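The values are calculated or read from the model by the stated rules, or taken from the named source; none is laboratory data. The structure presented is a predicted model; accordingly, all values stated were derived computationally and were not measured. Cβ sites come from the backbone with ideal geometry, for glycine too, and all protein chains shown count toward neighbours.
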Amino acid sequence: MKKTVLVSGGAGYIGSHVTVELLQAGYEVVVADNMSNCDSTCFEGVRKITGRDDLKLNIVDFCDKARVEELFSEYKMDALIHFAAFKAVGESVADPLKYYGNNLESFVNVIGAAHRHGLHNILFSSSATVYGQVEDLPVTEKTPRLPATSPYGNTKQICEDILRDCTSAYKDIKGIALRYFNPIGAHPSALIGELPRGVPNNLVPFITQTAVGKRECLSIFGNDYPTPDGTCLRDYIDIVDLAKAHVAAVSRMLDGKMEADYEIFNVGTGRPVSVQELVDTFEKVNGLKLNCKIAPRRDGDVTAIWADTALAGEKLGWKATRELSDTLKSAWEWEKHIAGK
Ligand code: UD1
């Protein structure tokens, strides 16, 4: 019997890539999304890539308890991957109640329903933002979390704690938190990818939108950081590699391989890449020249952060495999696809 995974936020950027990988690995997927931050482009892309025209998009707002209950009554599910959340750092600073309301309430509701309906395996989509500005790099899962620098980051920390506390109080619940570094790129088919609304905050969508002519000029935020070329260092993880880490983590839970009720894994490449190197690589692999300028530092940015990925390698048998050049080609192919070029 196929195991069934509920993917909340399954029509979004990460959720759609994870749905593809789960289906291709032989899992059944229940996709649920309230469509508040995406349209059906990626969901349609998932259907095309997997040939699953019958795949259903369940419209569910996870803050709506009655609707969540209905979903759990309709399907028998074995695991949950929870993505449904707001994710814009700046917006969370401007409107914290929007973030605390939505991100916490939806998670509490879905764990409660899972518990009542006998779904015991919960994977939470966390972020390297929980580490803050750490001194010792690379960061391991044992690196202490520092106070969050935004309400968005705080919701990630609190949701991790909610999951940890539930796994310790309710003995049947098992939880995994995956801490993503910087997810970028698109599926090689160019049928699914990131679709930011309005002006992108993140680097790669800003680059591709500049390249396609939607934005005039890319600002590199600061070139006076204490790094080799003066620009910030991040760990850019390919979206398909990231999606595969979810399949590995779900299998670990469903196959009874967990060594504790609650486990945390970093999901990154382990390789720091500077903003300048990323821009240079994008230009080189796609044969383009970007209009860009050096701008002042952006408030709240950390100088450098990258992952120690040994634990994910050892316990999940997972590691990033896609080259940065291929990831940046896929990001450009996707941008051209949505621009109709
Ligand atoms: C942010 C969030 C992180 C989230 C990630 C992906 C924080 C502190 N960061 O990471 O939680 O997982 O987005 O959604 O919560 N840059 C430019 N010009 C631009 C845009 C970015 O130079 O137009 C630089 C930034 O200064 C930074 C790097 O590019 O050094 C990456 O920025 P970004 O893509 O926004 O991701 P993070 O801020 O690292």
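Just checking, which of THR19, THR50 is modelled with pLDDT of 95 or more, under 18 Å from the mean Cα position of the chain (by Cα), surrounded by 16 or more Cβ atoms within 10 Å (Cβ to Cβ) and of a type in the set (S, T, N, Q)? It is THR19.
Of all residues in region 116-157, those satisfying the criterion of being hydrophobic (A, V, I, L, M, F, W, C), surrounded by 16 or more Cβ atoms within 10 Å (Cβ to Cβ) and farther than 15 Å from LEU178 by Cβ are LEU119, VAL134, LEU137, ALA148.
Results for (1) more than 16 Å from the ligand (Cβ to nearest atom); (2) closer than 27 Å to ILE237 by Cβ; (3) among the hydroxyl-bearing types (Ser, Thr, Tyr), shown as yes or no for each residue.
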{"residue": "GLU74", "(1), (2), (3)": "yes, no, no"}
{"residue": "LEU80", "(1), (2), (3)": "yes, yes, no"}
{"residue": "ALA84", "(1), (2), (3)": "no, yes, no"}
{"residue": "LYS87", "(1), (2), (3)": "no, yes, no"}
{"residue": "ASN109", "(1), (2), (3)": "yes, no, no"}
{"residue": "GLY112", "(1), (2), (3)": "yes, no, no"}
{"residue": "HIS115", "(1), (2), (3)": "yes, no, no"}
{"residue": "GLY118", "(1), (2), (3)": "yes, no, no"}
{"residue": "LEU123", "(1), (2), (3)": "yes, yes, no"}
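Taking residues in region 213-236 that are farther than 29 Å from ASP308 by Cα, and partners anywhere that are away from the ligand (no atom under 12 Å from the Cβ) and of a type in the set (A, V, I, L, M, F, W, C), the pairs with Cβ atoms closer than 8 Å and at least 6 places apart or on different chains are LYS214/ALA339. Counting only residues that are under 12 Å from PHE83 (Cβ atoms) and either in contact with a Phe, Trp or Tyr (Cβ under 6 Å, 6 or more places away or on another chain) or part of a strand (DSSP E or B) (or both), region 15-62 holds 4 of them. Here is a list: LEU191, LEU119, LEU195. Which entry is part of a loop (DSSP other than H, G, I, E, B) and over 20 Å from the mean Cα position of the chain (by Cα)? LEU119 is the lone residue from the list that is part of a loop (DSSP other than H, G, I, E, B) and over 20 Å from the mean Cα position of the chain (by Cα). Pairs are defined by a Cβ separation below 7 Å, a sequence spacing of at least 6 or placement on different chains, a first member in region 97-114 that is free of Cβ contacts under 8 Å to residues at least 60 places away in the same chain, and a second member that is of a type in the set (Lys, Arg) and assigned to a helix (DSSP H, G or I); the pairs so defined are ASN109/LYS65.
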